[in-house]
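What follows is one structure encoded as structure tokens, with my remarks underneath.
The values are calculated or read from the model by the stated rules, or taken from the named source; none is laboratory data. The structure presented is a predicted model; accordingly, all values stated were derived computationally and were not measured. Please note: Cβ atoms are built from the backbone with ideal geometry, for glycine as well, and neighbour counts cover all protein chains shown. Ligands, DNA and RNA are excluded from the accessible area calculation, which covers all protein heavy atoms including side chains. Shrake-Rupley method; radii C 1.70, N 1.55, O 1.52, S 1.80 Å.
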Amino acid sequence: MTPVKIWLGYPYPLGATWLGNGVNFALFSETAASVDLCLFDAPDSRQENIRVPMTEHTDQVWHIFLPDARPGQLYGYRVFGPYDPERGQRFNSSKLLIDPYAKAIAGRVNWSDEMFGYVVGGPSEDLARDFRDDAWGMPKSVVIDNAFDWGDSHRPKTPLHSSIIYELHTKGFTKLNPEIPEELRGTYAGLGSEPSIKYLKDLGVTAVELLPTQAFINDKVLVDRGLTNYWGYNTIGFFAPDTKYSSSGITGEQVDEFKQMVKNLHQAGLEVILDVVYNHTAEGNHLGPTLSFRGIDNQAYYRLSPEDPRFYMDFTGTGNTFNLLHPRTLQLVMDSLRYWVLEMHVDGFRFDLASTLARDATGVNKLSAFFEIIHQDPVLSQVKLIAEPWDVGEGGYQVGNFPILWAEWNGKYRDAIRSFWKGDEGKIGEIAYRLTGSPDLYQMSGRRPYASVNFITAHDGFTLNDLVSYNDKHNEANGEENRDGDNNNHSWNHGVEGPSDDPEVNQLRLQQLRNFLVTLFLSQGVPMLTAGDERGRTQQGNNNAYCQDNEISWLDWELDGRKQGLLDFTKKLIQLRHDHAVFRRPKFFQGRRIRGSEIRDVMWFNPGGNEMTDEEWNSPFVRCLGMLLSGDTIDVQTFQGELIRDDTFLLLINAHHESIAFVLPGQKDVAWQLIIDTTSEKGFCDDPKALVSGDEAEVQARATMLFKLTTGSTAQARHESWKKRQFAAPHNGESKPAAEAEKKENSEAEGTAVTSSKPKS
């Protein structure tokens with residue numbers, strides 16, 4: 001062994017830290033007997049060239065300082081202790097371990113039986129220790145220099161209620177873009193390049209939400225099938241950007257490349273939100289590999305079965321659950337989050353299976369230490385926090401139950417909107433809640449409409465195009481005989497499974513795409529668009545493309561007329577949302593007369609021009625609704641205290657299979673201008689049609705229309721139609737009003753109409 005100068009070092013900070021005059025190494029292990037630091041010359045070195053015993057042990061942290069070490073140094077740990085799985089201990093010094101605090105990781109796992117701490121295939125399974133060395137096939141941790149020139153870059157700090165999130169995969173978004181230099185496609189540099197930023201800015205989104213970019217492992221079972229863990233929900237390094245997306249190098253260069261990407265996006269006014277996976281790690285269940293945490297301190301890092309600590313508690317469906325009940329494991333998660341904010345300058349996080357993070361011995365707990373620490377933290381409490389509010393454990397579905405400061409992926413929004421446009425019965429009441437920011441889920445807990453991250457599709461599931469093209473999933477390419485993926489998709493193929501040459505089928509599918517997009521971007525809350533949905537991307541019916549690192553998942557940048565039209569429509573919709581504050585209110589509608597005014601901030605109308613009755617709200621047959629949004633408010637102000645004024649809009653939605661004549665509301669001398677009609681090829685009207693209150697707007701089957709008030713005051717517009725008529729909801733598939741309900745009340749030749757029931761507030 002080459003002699004190396006050794007100093008005592010410090011127990012804090014954890015990890016490998018370049019201090020200018022050397023590198024401090026610190027590793028927590030509560031129950032290890034001893035630890036060796038291993039230094040390597042190259043990522044593919046088969047064994048360490050220097051092994052240094054870490055003799056100093058302070059507060060359960062093993063530490064050492066090497067004054068001759070420099071950034072770029074490759075290293076790993078060997079941790080000694082008992083191998084006793086039945087007591088929850090899995091130390092194995094034959095296995096090189098990744099530093100949990102590694103800021104960069106070089107290389108990949110070259111899968112073989114040596115990467116497992118036990119004798120694979122042995123009669124006693126994981127109970128017999130494997131003594132073979134695995135350093136030859138393990139990734140190496142890397143010492144980095146955190147210095148980076150951020151220049152005048154600053155965070156956009158877009159208010160959440162004004163945000164439009166674009167969920168994308170770093171590689172999949174850039175891999176096929178011909179405008180990006182070939183050597184940068186599929187990388188951080190490619191995402192931060194001028195062509196990518198121009199597309200995002202032209203589209204109008206305010207933030208990119210990146211599928212996992214923290215260092216992750218390709219599962220052996222996938223590699224053996226010739227596949228990869230494309231999505232990346234298999235984390236092994238909570239501080240390190242994954243090298244798979246690096247164009248510049250793997251020994252620390254990937255860190256600077258990630259920072260440059262963030263800097264470029266910030267300079268364009270775009271925020272960066274990371275999808276992070278702290279609920280489990282890549283080491284799997286008791287038969288998984290020993291890569292890092294398991295060999296450092298299995299009992300501290302994982303939740304083990306109280307009855308039999310050989311086995312892991314699994315609330316994630318991945319084989320293990322990260323143990324946030326242990327203070328050092330919780331510290332690691334918080335240190336990681338702060339690192340990505342303070343050093344990498346990201347703007348927020350989307351937490352995968354976030355219910356798991358709040359679990360204690362009693363279940364999901366809103367008062368868990370995880371929430372309490374984030375809420376009092378001066379750094380983390382000020383960034384965007386988005387939960388995937390469920391896991392696979394009992395009581396794990398927690399939509400609407402996260403505390404203040406948190407937004408949530410609103411799974412109820414997704415399911416309701418899909419079901420409604422598919423034509424399911426009994427959805428009209430829930431649709432009203434979803435259009436208005438889901439007050440039934442968030443208002444009573446003191447949260448705002450922007451607690452609801454509205455989405456119709458995400459990386460997990462059908463694309464928007466496939467949602468209207470397939471009744472069933474088609475995941476055969478995943479190699480699991482189509483058993484994987486969700487069967488409950490609320491999708492509809494419109495008569496043909498998959499691609500169709502039938503022009504009527506294709507026209508209706510395109511119309512439904514426009515319906516979904518209008519609903520998404522005109523709903524209160526925070527819209528999230530999945531990359532490629534704005535241009536009709538397909539995954540060929542695969543609703544679980546987690547292992548498809550190929551054209552199934554990559555964004556296709558070629559545009560035909562259909563895709564271009566959908567893209568143009570989406571851009572205009574997003575611009576409409578940006579232009580009109582009424583679609584992105586930071587406060588909930590009150591649904592009643594505003595104090596001191598005759599104006600209501602939201603009203604609901606049936607096709608007869610009447611306010612919706614309780615009977616209609618509860619009817620399973622109602623699939624048509626009018627929502628009137630007031631641009632005049634007294635509850636939404638600028639920072640300087642000025643009232644925000646906007647136009648007044650009327651949104652008509654019809655999910656019936658036949659057209660319905662809708663009487664436009666308002667007193668006499670009120671005029672409306674048609675802005676959007678999803679039955680038209682462009683969606684937006686080139687020559688906007690003008691109608692007046694009392695006129696009948698023919699809302700075509702499965703269509704949406706948006707009107708803007710052009711003549712008359714908002715107070716005049718927010719009345720039942722002066723020329724209203726009775727309307728009976730279609731029954732048993734009938735879409736036209738019953739003959740006896742066709743009689744028009746309050747016509748020009750007759751007197752006052754019959755008063756309808758009280759409106760639903």
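Quick notes on this one:
- Its Cα centre serving as origin, the chain has a Cβ charge dipole (Lys and Arg +1, Asp and Glu -1) of approximately 1640 debye.
- Only Cα pairs under 8 Å and 6+ residues apart enter the sum, and on that basis the relative contact order of region 231-284 stands at 45 percent.
- Of the GluC sites (Glu not before Pro) found in region 60-134, no site is in coil according to DSSP while having at most 11 other Cβ atoms within 10 Å of its Cβ.
- Cβ-Cβ FRET estimate between E183 and R562, R0 fixed at 45 Å, reported to 0.05: 0.90
- With a simple spin-label model that places each label point 7 Å from the Cα along the Cα-to-Cβ direction, the separation between S162 and E425 comes to 4.6 nm.
- Average Cα contact separation per residue, the chain, under 8 Å, 6 or more apart, as relative contact order %: 9
- Here the chain exposes an accessible surface that is 48 percent carbon and sulfur, computed with a 1.4 Å probe and the other protein chains kept in place.
- Over the chain: Kirkwood hydrodynamic radius from C-alpha pairwise inverse distances, Å: 28.0
- Over 15 Å [Cα-Cα, region 493-563], rounded percent: 64
- Between K682 and K198, the contour length at 0.36 nm per residue exceeds the alpha carbon distance by 171.9 nm.
- Inter-centroid distance (Cα atoms) of region 645-707 relative to region 372-404, Å: 39
- Values of log10 I(q)/I(0) for region 427-543 across q = 0.12, 0.16, 0.18, 0.22 Å⁻¹ run -0.50, -0.82, -0.96, -1.20, by the Debye formula with one identical scatterer at each alpha carbon and no solvent.
- Once the Cβ-Cβ distance of E476 and L176 is raised to the sixth power relative to R0 = 30 Å, the FRET efficiency obtained is 0.85.
- The GluC sites (Glu not before Pro) of region 377-460 meeting both criteria, a DSSP state outside H, G, I, E and B (loop) and at most 15 other C-beta atoms within 10 angstrom of the site's C-beta, are E394, E425.
- Inter-label distance, Q331 to N146: 1.6 nm, where each label sits 7 Å from its Cα along the C-beta direction.
- Among the trypsin sites (Lys or Arg not before Pro) in region 523-615, those placed in a DSSP loop whose Cβ has at most 15 other Cβ atoms within 10 Å are R592, R595.
- One quarter of the surface of the convex hull around the alpha-carbon atoms of region 17-131 equals 7.8 nm², the direction-averaged projected area.
- Accessible surface, the chain, averaged per residue in Å² (probe 1.4 Å): 38
- Straightening the chain between Q267 and A128 buys 44.5 nm, computed as 0.36 nm per residue apart minus the Cα-Cα spacing.
- Each peptide in 99-111, 151-163 receives the mean, over its residues, of other Cβ atoms within 10 Å, and ordering these scores from highest gives 99-111, 151-163.
- Spin-label model, D84/L19: points 7 Å from Cα along the beta carbon direction are separated by 3.6 nm.
- What the Cβ-Cβ distance of D68 and W136 gives, at R0 = 25 Å and to the nearest 0.05, is a FRET efficiency of 0.50.
- Available extension along the chain between S45 and D695 is 226.1 nm, counting 0.36 nm per residue and deducting the alpha carbon span.
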